[in-house]
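Taking it in order: structure first as structure tokens, then the write-up.
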Amino acid sequence: MNNLFLIAFLDVKESIRAKWFLIYTIVFGGLIALFFIAGVTESQVMGFSGLSRLLLMYIQVTIVILPIFILITTVRSISGDRDNHILEYMLSFPISLHHYYWGKVIGRFATVFLPVLFAMILALFIGLFKGSGIPWNIFILYSGLLFALCSSFLGIAFLISSIVKSSEIALGFSFFIWIFLLAFIDIALISLMMQNRLSEELIIGISLINPMEVFRVAAISLFDPQLTVMGPVAYYILDNIALPLFILFSIAYPTLVGVLFAFLGFKIFKKTDLV
Amino acid sequence: MIQIENLTKKFGNAISLDAINLKIQSGDCVALMGPNGAGKTTLIRLILGYYHPTNGQVLINGKNPIKERVDVLQNISFVPQLPPPIKLSLEELIAYVCKSTQVQKEKILHFAQEMELDIEPNLKKSFFKLSGGMKQKMLIAISLARRGEIIIYDEPTANLDPKARDNFHRLLQTQNHPNISLFVTHRIDEMRDIVNRQIYMDLGKIINDEKI
Ligand SMILES: Nc1ncnc2c1ncn2[C@@H]1O[C@H](COP(=O)(O)OP(=O)(O)O)[C@@H](O)[C@H]1O
Ligand SMILES: [Mg+2]
């Protein structure tokens, strides 16, 4: 077995035994179960129903909590390994930094992506069992969005772990980035919009830099764009950009951001002191 | 051969190693001594290629341990001062070692037995759940199995009981391969049978270097 996959494989095995992974899996699996118990599939809200409605609710919650899960667990484990000298020992073996770093990235990706995907597949199975139709287009779009969401925040997490050497500071930093992307950018943009200082196009453009905003809009994009549940930004985007193009962008762009950040993290990992 | 030329390492403004020159040749068995904060661990980490020197260079058999990391580390086995809380099971740790270094599993098991570490019933256990002494024995067994051309031990016996310490010294003496050993130690009397050179460091400098 190649060293890259050895590292990835051992990382996955280690994660699966960790408490955070148990909580992580229970939260996302539990979310699906909860929605079913709450009867989301039976309710008819705002024109759409059944599994579509359930998956929409799932992805909307996931977009908010998955990034902070990914940031905290990844940053904690990587800089934790540094803090308590695990890295010092493991790197004393003849494994290239390239294999070590990307092996960790692959291992982490599998552990954060697969449980959220399985939760969705679980929903499909229960839905099938209950006899509701399967909204394949939504399922495929959301799988893509989850993939992109995991990539982008994993990339950010690896970059933070490479820059910040202490796990305490790295944790604080992760939390800040999450809050910033989640709320502050929106608030700032809304206030700019209200003051009419910048053109609408520019503001929308800026909001599209934020992967969180892209996910939010993409998640509702397959539903009727006239719906009032969407914010003004989403409405504007879906009104002005062709839907297939936007969907492609919503998956490609965050994935690219993640790869880019992870790559930057690797450069820094190589260039600075390891322990 | 470990060749250290004009090696300086600063962290911020604090100098941890101050323009050190040192040559360690095949056959040298060194006791590296000095008070806490002298720079011993920093020196070792530079040899292992973990730190980027502020100035000067380290060469292991003529190779740069950062640029030719895999080549250099193929020949070095290292045991840290405190066994880290590795979360892998013993089985997984052994797999990691075997796959990355081409050491046979049987060899590790053999040296574990020599160190009187009962490894079979613990294979599925996480490494960090072993007692301090058991962890240290495991890391020593791994390092002996690797038979590195260069062995670097940062206070290897700190956690061991006297019996285990004797075992360890006996195993070291039966290894008889003509290479380099570097022991950080505070107890020179204990190591006197093993080492043939003593280097004393303080404040990032080599104060004394003699054959014994
Ligand atoms: N990563 C680091 N960052 C900042 N200072 C460090 C770091 N590593 C070591 N030092 C400092 O360098 C000096 C030498 O440390 P060290 O090499 O660990 O000493 P020893 O192993 O001889 O006890 C100490 O003053 C220590 O505080
Ligand atoms: Mg030390």
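The values are calculated or read from the model by the stated rules, or taken from the named source; none is laboratory data. Keep in mind it's a predicted model, so treat the numbers as computed, not measured. Here Cβ is always computed from backbone atoms with ideal geometry, including for glycine, and neighbour counts include all displayed protein chains. Each accessible area value is taken on the protein alone, full model and side chains, heavy atoms only, with ligands, DNA and RNA left out. Shrake-Rupley method; radii C 1.70, N 1.55, O 1.52, S 1.80 Å.
Near A:K165, once Lys and Arg are set to +1 and Asp and Glu to -1 for all other residues with Cβ below 13 Å from its Cβ, the sum equals -4.
The HN-Hα couplings worked out from phi for segment B:8-16 by the Karplus form 6.51 cos²θ - 1.76 cosθ + 1.60 (θ = phi - 60°) are 10, 9, 10, 10, x, 9, 7, 8, 9 Hz, whole numbers, x standing for Gly and Pro. Taking all protein chains as they are arranged and a probe of 1.4 Å, the heavy atoms of B:D166 leave approximately 100 Å² accessible to solvent. The loop-placed trypsin sites (Lys or Arg not before Pro) in segment A:93-165, going by DSSP, that have at most 13 neighbouring Cβ atoms within 10 Å of their Cβ come out as A:K130.
Compared with the dominant Cα axis of chain B, that is its longest principal axis, helix B:162-175 is turned about 70°.
Against chain A, whose longest principal axis is taken from its Cα atoms, helix A:50-83 shows a tilt of about 20°.
Working note: Karplus 6.51/-1.76/1.60 with θ = phi - 60° gives segment B:64-73 the couplings 7, x, 8, 6, 10, 3, 5, 4, 5, 6 Hz, where Gly and Pro are set to x.
Each residue of segment A:153-160 was assigned a 3J(HN,Hα) from its phi angle through the Karplus curve 6.51 cos²θ - 1.76 cosθ + 1.60 (θ = phi - 60°); the sequence is 6, 5, x, 4, 4, 5, 5, 4 Hz, with glycine and proline shown as x.
The trypsin sites (Lys or Arg not before Pro) of segment B:82-184 meeting both criteria, a DSSP state outside H, G, I, E and B (loop) and at most 16 other C-beta atoms within 10 angstrom of the site's C-beta, are B:K124, B:K125, B:R147. The H on the amide N of B:G56, modeled in the peptide plane, is under 5 Å from the matching H of B:T8, each at least 5 residues off or on a different chain.
Look at the Cα gyration tensor of segment B:1-76: its axes a ≥ b ≥ c give a/c of at least 1.5 with a/b at or below b/c, and that counts as oblate. For segment B:1-79, trypsin sites (Lys or Arg not before Pro) meeting the loop criterion (DSSP other than H, G, I, E, B) and having at most 10 other Cβ atoms within 10 Å: B:K67. Put simply, the amide H of B:S16, placed in the peptide plane, has neighbours under 5 Å in B:K9, B:K10, B:F11, leaving out anything fewer than 5 places away on its chain. Per the accessible-area calculation with a 1.4 Å probe, the total area buried between chain A and chain B rounds to 2900 Å².
For segment B:86-100, a decrease in accessible area of 40 Å² or greater in the assembled protein chains relative to the isolated chain, with a 1.4 Å probe, applies to B:I86, B:K87, B:L88, B:E92, B:Y96, B:K99, B:S100. Distance between the 7 Å Cα→Cβ label points at B:L123 and B:T174: 2.3 nm. Put a dot 7 Å past the Cα of A:K270, heading toward its Cβ, do the same for A:L34, and the two dots end up 4.3 nm apart. Determine the relative contact order of segment A:157-275: mean sequence separation of Cα pairs under 8 Å and six or more apart, normalised by residue count, in whole percent. The normalised contact order for segment A:157-275 reaches 37 percent.
Taking only protein heavy atoms and a 1.4 Å probe, the accessible area of the protein assembly as shown is 62% carbon and sulfur. Calculated FRET efficiency, A:I23 to A:I187, Cβ-Cβ distance, R0 = 45 Å: about 0.90 to the nearest 0.05.
Given +1 at the Cβ of Lys and Arg, -1 at the Cβ of Asp and Glu and no other charges, the dipole of chain A around its Cα centre is 560 debye to the nearest 20. The length gained by stretching the chain between A:I209 and A:E168 to full extension, at 0.36 nm per residue less their Cα-Cα distance, is 12.0 nm. Among rounded, prolate and oblate, which fits the protein assembly as shown when a ≥ b ≥ c are the square roots of the eigenvalues of its C-alpha gyration tensor, a/c under 1.5 means rounded, and a/b larger than b/c means prolate? Because a/c hits 1.5 or more and a/b exceeds b/c, the protein assembly as shown counts as prolate.
Set Lys and Arg Cβ to +1 and Asp and Glu Cβ to -1, take the dipole of segment B:2-211 about its Cα centre, and tell me which of B:I142, B:V97, B:A31 lies farthest positive. Among B:I142, B:V97, B:A31, the one farthest towards the positive end of the dipole of segment B:2-211 is B:V97. Computed from Cα atoms, the angle from the helix A:185-195 axis to the main principal axis of chain A rounds to 50 degrees.
Once the 1.4 Å probe is applied to the protein heavy atoms, the protein assembly as shown comes out at 44 Å² accessible per residue. Computed from point charges on the beta carbon alone (+1 for Lys and Arg, -1 for Asp and Glu), the dipole magnitude for segment B:91-212 about its Cα centre is near 280 Debye. Look at the Cα gyration tensor of segment A:2-271: its axes a ≥ b ≥ c give a/c of at least 1.5 with a/b at or below b/c, and that counts as oblate.
So if I take the centroid of the Cα atoms in segment A:160-210 and the same for segment B:37-98, what is the distance between those two points in Å? A separation of 39 Å, based on Cα centres. Look at the alpha carbon pairs under 8 Å that are at least 6 residues apart: their mean separation over the length of segment A:2-271 gives a relative contact order of 27 percent. Per residue, the average separation of C-alpha pairs within less than 8 Å and at least 6 apart gives chain B a relative contact order of 30 percent.
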